[in-house]
Amino acid sequence: MNATPSTSKTMHTTNEITWPRTDPWSYKELVTILVLIFGLVPWLIESRLHNWLTEIFNNTFYSGISTGLVMGVVFTFSVYLITLLPNRLGWCEIGIRSFPLQYSMHIAFWSVIVLVVSVLILFVMSLFGGSYENSKTESIQSHLSVYTLLLGILSAGILSPIYEELLYRGFLYRWCRTRFGRGWALFLSSFIFMIAHIPTYNTLALNLAAGLIFAWTYEKTQSVIPGIIVHGVTNTIFVLLTFIA
């Protein structure tokens, strides 16, 4: 599809936001992004680069933080190079835009909901012998210090929310919404977000639920910023709780 000036405009009314009926992309951009998510990044960065960095640092925490930083840079630049630059589009096309000030209360509400859902999921998991611990939490807990706490917050609470919201909501949600409607877009973008977190299997249910909430904030505002805030706040709290635990 060809980009048109109208696709970057948001129509604000008293109670709703009208989404554009078209977007500037085709299946080519979608396939390229999915190959990046499930092919190149897991193989080249999460596996090969991570193993190489672990050998260099002899420390799984620092290699994990470094890998996450590289992933953030790769995903952010890839979204720009694949979805924006070829059509000479601005970042507003994938949700970098202001949102109604009155939605601030909703941001606080959805942050609480994500935390409550997390507790409920952990409780259900515990009934079946599951645990919140995984390779990431073990890495954090084995290197406890103020410095590692700050690095953990930087990675999980700031960097990850930014590039993940741009990728999974800003591009994928909008791409799906244009073609399949709101309901399917909510599910598909959240499902892809969930399976992208494999092999951290004990967080998949939470990833799906959180993905639905992040996508809903995008749906209601056409801005990824509320989702970035909710995502960042809840991830930061999870990092703090992991240190306390």
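Looking at Thr236 and the list (1) more than 13 Å from Trp19 (Cβ to Cβ); (2) surrounded by fewer than 21 Cβ atoms within 10 Å (Cβ to Cβ); (3) of a type outside the set (A, V, I, L, M); (4) in contact with a Ser or Thr (Cβ under 9 Å, 6 or more places away or on another chain), which single condition is not satisfied?
Status for Thr236: all satisfied but (4).
Please tell me if Ser111 is surrounded by fewer than 21 Cβ atoms within 10 Å (Cβ to Cβ), over 13 Å from Phe238 (Cα atoms) and of a type in the set (Ser, Thr, Tyr).
No.
Name the residues in the stretch 61-95 that are aliphatic (A, V, I, L, M) and either under 19 Å from Ile158 (Cβ atoms) or part of a helix (DSSP H, G or I) (or both), would you?
Of everything in the stretch 61-95, those that are aliphatic (A, V, I, L, M) and either under 19 Å from Ile158 (Cβ atoms) or part of a helix (DSSP H, G or I) (or both) turn out to be Ile65, Leu69, Val70, Met71, Val73, Val74, Val79, Leu81, Ile82, Leu84, Leu85, Ile94.
Which of the helices (runs of 4 or more DSSP H) found entirely inside the stretch 128-176 contain at least 3 residues meeting this: out of contact with any strand residue (DSSP E or B) (no Cβ under 8 Å at 6 or more places or on another chain) and surrounded by fewer than 21 Cβ atoms within 10 Å (Cβ to Cβ)?
Qualifying helices (runs of 4 or more DSSP H): 135-141, 146-152.
So, in the stretch 188-235, of the ones that are in contact (Cβ under 8 Å) with a residue 12 or more places away in the chain and part of a loop (DSSP other than H, G, I, E, B), which residue ends up farthest from Tyr168 (Cα to Cα)?
Among residues in the stretch 188-235 that are in contact (Cβ under 8 Å) with a residue 12 or more places away in the chain and part of a loop (DSSP other than H, G, I, E, B), the one farthest from Tyr168 (Cα to Cα) is Thr200.
Quick check on Ile158: is it among the β-branched types (Val, Ile, Thr), at pLDDT 95 or above and either over 15 Å from His197 (Cβ atoms) or more than 19 Å from the chain's Cα centre (by Cα) (or both)?
yes
Does Ile56 satisfy the criteria of being touching a helix residue (DSSP H, G or I) at 6+ places or on another chain (Cβ under 8 Å), loosely packed, with under 13 Cβ neighbours inside 10 Å and part of a helix (DSSP H, G or I)?
yes
Report yes if some residue within the stretch 64-82 is at pLDDT 95 or above, at negative phi, β-branched (Val, Ile, Thr) and more than 21 Å from the chain's Cα centre (by Cα); otherwise report no.
No, there is no match, as no residue in the stretch 64-82 is at pLDDT 95 or above, at negative phi, β-branched (Val, Ile, Thr) and more than 21 Å from the chain's Cα centre (by Cα).
Would you mind stating whether Phe128 is free of Cβ contacts under 8 Å to residues at least 24 places away in the same chain and within 20 Å of the chain's Cα centre (by Cα)?
Judged against the criteria, Phe128 is not a match.
Can you tell me which residue is nearest to Leu150 (Cα to Cα) among those in the stretch 217-228 that are out of contact with any Ser or Thr (no Cβ under 7 Å at 6 or more places or on another chain) and buried (at least 20 other Cβ atoms within 10 Å of the Cβ)?
Ile228
Consider Ser190 carefully, then state whether it is in contact with a Leu (Cβ under 7 Å, 6 or more places away or on another chain), crowded, with 21+ Cβ neighbours inside 10 Å and not charged (D, E, K, R).
yes
The values are calculated or read from the model by the stated rules, or taken from the named source; none is laboratory data. It should be emphasised that the depicted structure is a prediction, and the values quoted were computed from it without experimental measurement. With ideal geometry, Cβ positions are generated from the backbone for all residues, glycine too; neighbour counts draw on all protein chains shown.
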